[in-house]
Amino acid sequence: MTLNNNDLVYVEWMDHATGSGWLPDDDVNTDPVPCRSIGWVLKHDKKVLVLFAMEDTAAKVTSGRQYIIKGCITKIKKVKV
């Protein structure tokens with residue numbers, strides 16, 4: 001699929017999990033976390049897909065950015081508005 005900037009997309013992807021604080025050594029979960037996102041394409045290359053959730057069209061700035069490693073993407077579809 002060809003992606004263009006400002007395409008609206010639905011993405012399913014696997015996220016890395018982390019633990020914080022003091023945890024017992026036997027409390028280890030190595031399962032990736034299944035996630036899904038919807039957003040507009042800001043930029044993409046061979047490694048990363050960058051989505052944004054909000055845009056101030058007058059000021060030409062975006063917010064709510066997500067950086068998803070392409071190797072973690074399991075499904076992607078363009079969304080028609």
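Computed from the coordinates by the stated procedures, all read-outs in this text should not be read as laboratory data. Quick caveat, the model's predicted, so the values are computed rather than measured. All Cβ positions, glycine included, derive from the backbone under ideal geometry; neighbour counts span all protein chains shown.
See the values below:
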{"item": "Percent of Cα pairs exceeding the 18 Å cut-off, where the set is the chain", "result": "49 percent"}
{"item": "Under 19 Å from the Cα of Lys75 - lysines, other chains or at least 8 residues apart", "result": "Lys43, Lys46, Lys47"}
{"item": "Trp13, Trp22 arranged by Cβ crowding within 10 Å, fewest neighbours leading", "result": "Trp22, Trp13"}
{"item": "Footprinting exposure proxy for Met14, Met1 (fewest neighbouring C-beta atoms within 10 Å first)", "result": "Met1, Met14"}
